[in-house]
Amino acid sequence: MNYSQRHLELNAQFQLGKDIHLDESNIDIRFFTFRSLQHQIVDENIKLNPVDANIDENLVFTYPIFFPHGKQRTSNAILLLHGLNERNWSKYLTWAEYLCESTGKPVILFPIAFHMNRSPQTWCNPRFMQPIMDLRRTRNGKDRSLSFANVAFSERISENPLRFYNSGRQSLYDLAQLFEDIKIGNHPLFNENTHIDIFAYSIGAFLAEITLMTNLHGLFSDSKLFVFCGGGVFRSMSGESRTIMDKKAYESLFNYYLNDFAGDIKFDITRDKVSETFYSMISQERNQHEREQFFNQLGNQVKGISLIRDKVMPYWGMSDAFGTDFAASRIAQLDFPFSYSHENPFPVGDLSEFDAVDNSFIHIFSEAAQFLA
């Protein structure tokens, strides 16, 4: 496999909302419309910022499924969850194709609330973001972590760090809605009682863990979870990045959830199993016994890989989340023989590294595919 070449080929073919057939892997990419029923919950949660409740793109959107060509309805699926502040599926196309081809199972790429195509296109348009960029530069000085890629997210988080929780909360309920639709036979590609496992990367792993722990309506009881470069407690995450958020936004987010979140009256109005589970994933000592007991009970339903030079989602955060013994037995620590980052674990374009990137990608995703098969 030539990872770089396949990455470019898939990105040349992929168009949001347009069904296509991939000849090389004999896989169809099919799009489906999702209408979030959580706007009522969002309205209640963010009365402090009703603008968010009225972002149409976040309530009605399309999502792609990689589906083996020639199959009709099936009884198995893999859900793929992405990272923080991402606006397109570019790097995940190769991941989804490999998992689909290797396991024979459809792979659902589902966007987190206010991410991917669940956000206005203006949020990633430099022309529209220039005034906000100028404002943050004036306010915060020469911050090298500020970029057009992260300025919209940075400003939104700085303005109201509770948005991080609200986005995750809506996403969790959306996942429950998706799983329920599939399991009761209301999705055209899936049979009733379809089994759904999860591949989760970065903040998607954090969301997946909270989703499994909350287990709304018992929908996630039998789901296996493979985490890659993610899954640690919130305290361990270093979100300052030119592709995620700038320094000031990260400081605001970190300080709010470590110091103010639990006592915030705006959080208090939604105190329930979802919020308590989120609270337990903020730092190691919060509900530590219950959290570690839950993962120990899951046992072989969880597996993952952490990269040694990952500065955004380090292994120690996963150890804090799962417990030392569980993490040591279920989470592998690996390194690659080339320059990589959390945001870009498989760099594309360097001819001298083609073989190493190919081998590393296959190593990671063959492990994931074997676990999720």
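Where a number appears in this text, it was derived from the coordinates with a stated rule and is not lab data. These numbers were taken from a predicted model, which means no experiment stands behind them. Neighbour counts run over all protein chains shown; Cβ positions are idealised from the backbone, glycine included.
Determine the relative contact order of region 209-314: mean sequence separation of Cα pairs under 8 Å and six or more apart, normalised by residue count, in whole percent.
Worked out over region 209-314, it gives 46 percent.
Report the extension gain between residue 24 and residue 356 in nm, rounded to one decimal, defined as 0.36 nm multiplied by the number of residues separating them, less their alpha carbon distance.
117.3 nm
What's the longest bit of the chain with no exposed GluC sites (Glu not before Pro), using DSSP loop states and at most 15 other Cβ atoms within 10 Å as the test?
25-284
Return an integer: the convex hull volume of the alpha-carbon atoms of region 3-372, in Å³ per residue.
Enclosed volume per residue, from the Cα hull, is 134 Å³.
I'd like the FRET efficiency for residue 55 and residue 32, computed as 1/(1 + (r/R0)^6) with the beta carbon distance as r and R0 of 30 Å, rounded to 0.05.
0.90
Taking 0.36 nm per residue of separation and subtracting the Cα-Cα distance, what length does fully extending residue 288 through residue 370 add?
26.5 nm is the gain from fully extending residue 288 to residue 370.
Starting from the Cα gyration tensor of region 151-219, take the square roots of the eigenvalues, sort them a ≥ b ≥ c, and report rounded, prolate or oblate (rounded when a/c is under 1.5, otherwise prolate if a/b is larger than b/c, else oblate).
Since a/c reaches 1.5 and a/b is larger than b/c, the shape of region 151-219 is classed as prolate.
What percent do you get for the relative contact order of region 130-267 when only Cα pairs under 8 Å and 6+ apart count?
This gives 32 percent for region 130-267.
Compute the Cα gyration tensor for region 1-155, then decide on rounded, prolate or oblate, letting a ≥ b ≥ c be the square roots of its eigenvalues: rounded whenever a/c is under 1.5, prolate when a/b is larger than b/c in the other cases, and oblate in all that remain.
It comes out oblate by the Cα gyration axes.
Which of the three applies to region 219-373, rounded, prolate or oblate, going by the alpha-carbon gyration tensor with a ≥ b ≥ c and a/c under 1.5 meaning rounded?
oblate
For region 69-92, list residues with backbone N below 20 Å from a point placed 7 Å from the Cα of residue 238 toward its Cβ?
83-85
Please list, ordered by chain and number, the residues whose modelled amide H lies under 5 Å from the amide H of residue 146; skip anything fewer than 5 residues away on the same chain.
Amide H neighbours of residue 146, under 5 Å, 5+ apart: 247.
Please give, to one decimal in nm, the separation of the simple spin-label points placed at residue 334 and residue 62, each 7 Å out from Cα toward the Cβ.
Label at residue 334, label at residue 62, 3.3 nm between them.
In straight Cα distance, which aspartates and glutamates are under 14 Å from residue 71, not counting same-chain residues fewer than 8 positions off?
Result set, ordered by chain and number: 28, 101.
Quick one: which of 105/183; 142/247; 91/303; 91/248 span more than 18 angstrom between C-alpha atoms?
Pairs exceeding 18 Å: 91/303; 91/248.
Taking 0.36 nm per intervening residue step and subtracting the Cα-Cα distance, what contour gain separates residue 121 from residue 215 on full extension?
Full extension from residue 121 to residue 215 adds 30.6 nm.
Which part of region 139-160 falls in the paramagnetic zone of residue 260, meaning amide N under 20 Å from the point 7 Å along Cα-to-beta-carbon?
Within reach of a label on residue 260: 139-141, 152-160.
Any idea what the relative contact order of the chain is, in percent, if you count C-alpha pairs under 8 Å spaced at least 6 apart?
It rounds to 18 percent for the chain.
Nearest 500 deg cm²/dmol is fine: what mean residue ellipticity at 222 nm does the chain get from its DSSP H runs of n ≥ 4 alone, each adding -39,500 (n - 2.57), divided by its residue count?
Rounded to the nearest 500, it is -13000 deg cm²/dmol.
Efficiency by 1/(1 + (r/R0)^6): what FRET value for residue 2 and residue 271, r their Cβ-Cβ distance, R0 = 35 Å, to the nearest 0.05?
Efficiency computed from Cβ-Cβ geometry: 0.10.
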